[in-house]
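K.L.:
Take a look at this one; I'll ask things after.
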Amino acid sequence: MTVPLTLVATLLAKTGSEAELEQTLQDLQALSRAEADCIQYDFHRDAEQARTFHMIEQWRDESALTAHEATSHFQAALPVIERTAEKFSVTKMYRVS
């Protein structure tokens, strides 16, 4: 049995880059949700830190995430994310119960 992989990506926008980063992440969301092995792909703005965004994703497995990271839409978003995000962290996890 394959256990889905959950991922939380947290991005802190550089001051003045919030709108560009937000638009890039919103555009990435729709295309990512259309991928066959995407179970969940939700985009959030932090309730207390307006420059902070969270992507909560769930993929069929690790190979599905690897395939996602190789897509043209993800690869196109990376340079924008690197330019507009001050910090970027990813936490991967498997549900225990």
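K.L.:
When the label point is put 7 Å from the Cα of R33 along its Cα-to-beta-carbon vector, which residues of segment 52-81 have a backbone N closer than 16 Å?
P.N.:
Counting backbone N atoms under 16 Å from the label point, the list is 54-59.
K.L.:
Give the long-range amide H neighbours of D61: residues separated by 5 or more places, or on another chain, with amide H under 5 Å away, using H modelled in the peptide plane at 1.01 Å from N.
P.N.:
Excluding prolines and chain starts, which carry no amide H, the hits are L5.
Every read-out reported here was derived from the displayed coordinates using simple, explicitly stated rules and does not represent laboratory data. Since this is a predicted model, take the numbers as computed values, not measurements. Please note: Cβ atoms are built from the backbone with ideal geometry, for glycine as well, and neighbour counts cover all protein chains shown.
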